[in-house]
Amino acid sequence: MVMNVMLDVDRMAASGVAGQPIVSLRGVAKHFPGVIANQDVDFDLLPGEIHALLGENGAGKSTLMNILTGIYRPDLGEIIIDGKAVTFASPVEAIAAGIGMVHQHFKLVKAFTVAENIHLGWSETPGRISKALLEARTAEIAASLNLAVKPGARVSDLSTGEQQRVEILRVLSRKARVLILDEPTAVLTPAEASELFKALRQFAARGNAVIFISHKLDEVLEISDRVTVLRGGRKVATRPTSECDKRGLARLMVGQEVVLSNMRERKPGAKPISDAPVLSLRNVSARDDLGNMCLKNVTLDLRAGEILGIAGVAGNGQKELSQVLTGVRRAASGEIRVCGKDLSSRGAEEFAAFGIGHIPEDRLHSGLAPALSITDNVVIREYGKAPLSQGWVYRPSAAAALARSIAEAASVSVPDFRMPVRNLSGGNQQRLVARREMRIASNLLVAAYPSRGLDVGAINAMMGYFTELRDAGVGVLFVSEELEELFKLSDRIAVMFHGEVMGVVDSSEVDIETIGLMMGGQRRLEAGSAEGIS
Amino acid sequence: MSIRIQRVPSENVAGGIAARLIAILLALLVAAIVFAISGADLGKLGSHVFKSTFGSRFGLMDLGLIVTPLILTGLAVTVAMKVGAWNIGAEGQFCAGAIAATAVALFVPGPTIVVLPLMFVAGAVGGMLWILIPTLARAYADVSELITTLLLNFVGALFIYYLATGPWLDPSGLSFAATKRLPHDVPSFWGDVHWGLPIAVLLTISLAGVLNYTRWGYEVRIAGSNPAAARYAAIPFRRHLIVVMLMSGAIAGLAGMFEVIGTTHRLQGGISNNFGYIGIMVAVLARGSAIGVIAGAALMAVILKSGIALQTQGVNISTVLALTGLILFFTAIGDELSHYRIVRSKPA
């Protein structure tokens with residue numbers, strides 16, 4: 001072990017990177033019931049670098065960072081800070097050692113102001129406080145760190161990007177030298193993300209270091225100096241980013257060549273696209289939860305054996321469209337026909353009974369009951385049918401058998417089906433939801449942002465599921481904000497803007513720029529399928 | 001070889017029983033130490049407590065009488081928890097059930113065989129009416145049932161005082177805060193212990209069966225755990241919420257009914273004896289399991305009865321309450337520990 005450390009440091013000195021690592025992890029292991037979260041992980045963080053930590057969901061990134069920030073204690077291995085081995089009994093000690101983390105889900109008190117959040121639980125907060133004093137101190141710290149925040153603003157009034165800046169400021173104000181960011185761009189607009197990158201580079205340039213957790217390859221290549229890839233809890237490689245490319249990183253991450261090819265090709269024997277639409281919408285309008293018109297006169301056709309992509313910046317009516325199409329939300333006006341049958345005024349039960357599966361946008365909030373068992377969750381579509389129910393009798397043993405077969409089809413290994421579904425990783429939850437919905441989707445599958453928050457492996461599994469359905473003659477409505485994904489999979493793409501369909505285009509005949517313009521609100525009237533839009 | 005302790009998501013049954021037994025023994029040990037320090041005669045106290053609980057026919061009968069309302073109020077709270085509602089108002093529904101049953105006993109003439117079923121129905125309906133407003137407020141206006149059910153407890157308790165000292169006061173003048181002795185009784189099957197006990201146990205077992213082995217039970221589980229998921233799966237959340245909350249009120253009302261016609265035989269102030277509140281503790285001890293309610297109620301009954309026995313031996317009420325808390329505390333730790341297991345593994 002000691003030899004290894006020497007060798008590593010020697011190599012770094014030889015390669016000309018600045019001296020001693022701020023943080024070294026040596027042979028770190030952490031086990032949870034039935035899961036090896038980390039095993040034999042060595043990791044060095046050098047002053048001045050932005051070090052990306054890349055891996056699929058469940059690869060052990062978060063666990064490793066929780067060890068480094070004192071939330072977990074490693075089962076084996078050591079943490080070395082500035083050349084000295086340390087043990088953190090709590091996050092407070094890690095903060096004192098200069099390690100701070102910005103979590104994916106912010107840990108701010110929403111009802112407090114920015115200044116109050118910055119000073120909360122901080123030993124340097126003055127004993128006698130006043131609003132003016134706290135805000136002045138906050139402004140001063142913010143100015144010294146070159147992060148623009150509004151000290152007097154209430155956190156609940158801030159945009160996500162601004163809230164993140166407050167989180168970063170809070171960490172840095174505690175004299176952090178190591179800043180860990182967990183999927184920081186997941187919640188940001190592109191403009192906010194480039195703001196963030198600029199701030200990170202300035203921070204690193206002062207001799208500090210950043211650990212940047214992500215599974216987005218593009219931004220890892222853009223922001224980082226070195227990349228460490230984790231897979232299955234183990235470290236696969238650490239490389240300078242300059243020597244990496246997207247394909248190579250993806251391979252390291254999932255352990256196999258990623259199929260980036262066109263998935264629009266049909267397998268031989270696939271059912272052809274039908275002539276009659278399996279789903280048709282005529283002038284459908286709907287209101288959102290606040291009563292605002294969020295869908296305006298939407299007219300769309302989807303045929304069996306076809307994948308129709310729905311593109312658009314999130315929040316332009318896609319969520320409500322998927323809800324209207326599955327009966328979860330009633331349309332205010334217009335007509336929805338499935339296989340010729342008018343379902344306009346029906347509820348979720350009739351839609352499901354009519355062979356429409358639904359992968360909802362927020363699976364944890366509406367697709368699953370997080371606290372209930374895996375079995376309870378995966379049988380939610382079939383609990384009322386034989387063999388799970390006979391009359392009013394429900395048979396837990398039959399439910400458990402169905403749960404096992406769904407988990408097997410989803411290739412999710414479940415140690416205990418009585419375990420709450422929230423204990424599974426996001427990717428595994430989504431695989432189970434997708435497989436559950438595919439079983440009832442005999443006519444149509446509506447998938448809202450199915451790959452959001454998932455890693456490459458799980459996204460590929462999702463895409464594979466959709467082509468499988470398509471080839472079996474099911475219509476798939478696929479909502480996404482990733483254009484690449486839409487092009488890869490969809491036969492046609494409809495673009496939504498402010499609740500209206502800007503046009504429907506054939507994905508083999510259109511380029512990304514055109515779609516981009518439509519997403520910005522430009523209509524495409526000449527497209528054949530867009531008739532009926534006024 | 002390293003040995004670690006792991007938390008497991010589902011309870012380890014054998015370990016669970018062992019952990020709880022150890023917890024109770026530890027609590028008793030701590031209690032014994034406290035008594036020894038304060039100079040009490042441990043042997044005498046112990047034998048007295050034992051004699052007034054398990055050690056005598058009267059002790060066992062008392063336990064049977066105390067455990068009956070606790071099973072029902074614990075079940076009421078547990079059932080409401082299944083649909084995601086906190087029924088803190090079992091105390092008030094208990095009072096309402098007792099009042100309704102008393103009204104039938106006092107004002108409906110007829111033979112016991114006819115009036116008794118009427119009292120049973122009245123008790124359930126009384127409890128149901130008491131939770132009706134909180135239920136509708138929660139279902140249609142999203143008003144927290146936690147507050148509304150709690151506040152109605154005071155209304156129920158004070159209403160009993162009003163009736164028992166005013167319009168329904170015993171005309172014989174022998175008691176000043178109770179009705180006359182009610183003309184009908186729930187039959188007893190062993191000494192003073194009436195048929196309320198087996199009925200409560202049976203009700204608990206059948207409800208556990210309904211919750212686990214019917215489609216309705218499954219739907220209630222989903223609706224209670226995540227209303228949005230219920231909406232997504234076309235499960236009528238509001239209907240289940242209303243039905244289950246009314247059921248919860250009815251069960252608590254039955255507790256009051258049995259207490260008044262089986263145990264006290266008069267409606268009197270303070271009849272609820274905090275059984276409604278202790279039902280919350282029973283439900284928490286039972287961890288959402290309907291069957292667990294029986295065990296939780298039994299434990300609470302022993303604790304309550306021991307407390308009464310200690311008080312008759314001159315131990316003051318604060319000490320008794322502290323002991324009660326201690327035992328609950330240790331049992332809760334035992335509960336938590338039953339979710340851990342020891343894992344031996346070779347270092348990788």
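Just so you know, all these numbers are worked out from the coordinates, no wet-lab data involved. Given the structure is predicted, the values throughout are model-derived calculations rather than measurements. Note that we place each Cβ from the backbone using ideal geometry, even for glycine, and neighbour counts take in every protein chain shown.
Worth pointing out:
- Estimated from helical segments only, the mean residue ellipticity of chain A at 222 nm is -9500 deg cm²/dmol, where each DSSP H run of four or more residues counts as -39500 (n - 2.57).
- Relative frequency of Cα-Cα separations exceeding 14 Å in the range A:369-436, percent: 53 percent
- For the range A:428-534, the relative contact order is 19 percent, taking Cα pairs closer than 8 Å that sit 6 or more residues apart in sequence and dividing their mean separation by the residue count.
- Note: relative contact order over chain A, using C-alpha pairs below 8 Å and six or more positions apart, is 14 percent.
- Helices assigned as whole DSSP H runs in chain B whose Cα atoms extend at least 24 Å along their own long axis and whose mean Kyte-Doolittle hydropathy is -1.0 or higher are found at B:13-37, B:57-82, B:90-107, B:112-141, B:145-165, B:196-213, B:237-258, B:290-312, B:317-337.
- Euclidean distance of C-alpha centroids, the range A:341-398 and the range A:18-48, integer Å: 42 Å
- The charge dipole of the range B:66-286, taken about its Cα centre with unit charges on the Cβ of Lys, Arg, Asp and Glu (plus for the first two, minus for the last two), comes to roughly 480 debye.
- Cβ-derived FRET efficiency at R0 51 Å, A:ALA332 paired with A:LYS246, nearest 0.05: 0.70
- Coordinate range of the alpha-carbon atoms in the protein assembly as shown per principal axis, descending: 96, 72, 58 Å.
- Ordering of A:481-492, A:387-398 by packing is A:481-492, A:387-398, highest average first (other Cβ atoms within 10 Å, averaged per residue).
- Using the average count of surrounding beta-carbon atoms within 10 Å as a protection proxy, the listed peptides A:159-166, A:148-155 rank, highest first, as A:159-166, A:148-155.
- Helical segments meeting 15 Å axial Cα length and Kyte-Doolittle -0.5 threshold in chain A (DSSP H): A:2-15, A:131-145, A:160-173, A:190-205, A:396-409, A:456-471
- For the residues of B:204-215, the average number of beta carbons from a partner chain within 10 Å of their own beta carbon is 2.
- When the helices of chain B are scored as -39500 (n - 2.57) per DSSP H run of n ≥ 4 and the total is divided over every residue, the value at 222 nm lands at -24000 deg cm²/dmol.
- When each of the peptides B:300-313, B:23-36 is scored by how many other beta carbons lie within 10 Å of its residues on average, the order from highest to lowest is B:300-313, B:23-36.
- Cross-link pairs A:LYS216/A:LYS319; A:LYS84/A:LYS175; B:LYS44/B:LYS305; A:LYS110/A:LYS216; A:LYS267/A:LYS319 - those with Cα-Cα distance over 25 Å: A:LYS110/A:LYS216; A:LYS267/A:LYS319
- Partner chain coverage, peptide A:360-371 - average Cβ within 10 angstrom: 4
- Simple spin-label estimate for A:HIS105 and B:ILE133 gives 3.7 nm between the two label positions (7 Å along the Cα-to-Cβ direction from each Cα).
- Taking the DSSP bridge list for the protein assembly as shown and keeping only pairs wholly inside it, about 60 percent are antiparallel.
- Pairwise label distance in nanometres, A:SER411 with B:LYS44, each label 7 Å out on the Cα-Cβ vector: 7.6 nm
- Compactness index (Cα Rg / 2.2 N^0.38 Å), chain B: 1.08
- Segment A:ALA353-A:ASP157, extension gain: residue separation times 0.36 nm, minus the distance between their alpha carbons: 66.3 nm
- The range A:202-330 - Debye-derived log10 I(q)/I(0), Cα point model, q = 0.10 Å⁻¹: -0.65
- Beta bridges by DSSP in the range A:2-254, antiparallel share as percent, to the nearest 5: 55 percent
- Options A:LEU279, A:GLY233, A:ILE356, ranked by Cα towards positive dipole end of the range A:224-370, top entry (Cβ charges): A:GLY233
- Diffusion coefficient, µm² s⁻¹, Stokes-Einstein with Kirkwood Rh over alpha-carbon pairs of the range A:400-517 at 37 °C and 0.692 mPa s: 209 µm²/s
- Beta bridges by DSSP in the range A:428-530, antiparallel share as percent, to the nearest 5: 55 percent
- The range B:66-286 - percent relative contact order, Cα under 8 Å, separation 6 or more: 43 percent
- Separation of the A:ALA139 and B:PHE329 label points, Cα + 7 Å toward Cβ, nm: 5.0 nm
- Distance from the C-alpha centroid of the range A:249-328 to that of the range A:446-501: 6 Å, rounded to the whole angstrom.
- Partner shielding of A:450-457 amounts to 0, given as the average count of beta-carbon atoms from other chains within 10 Å of each residue beta-carbon.
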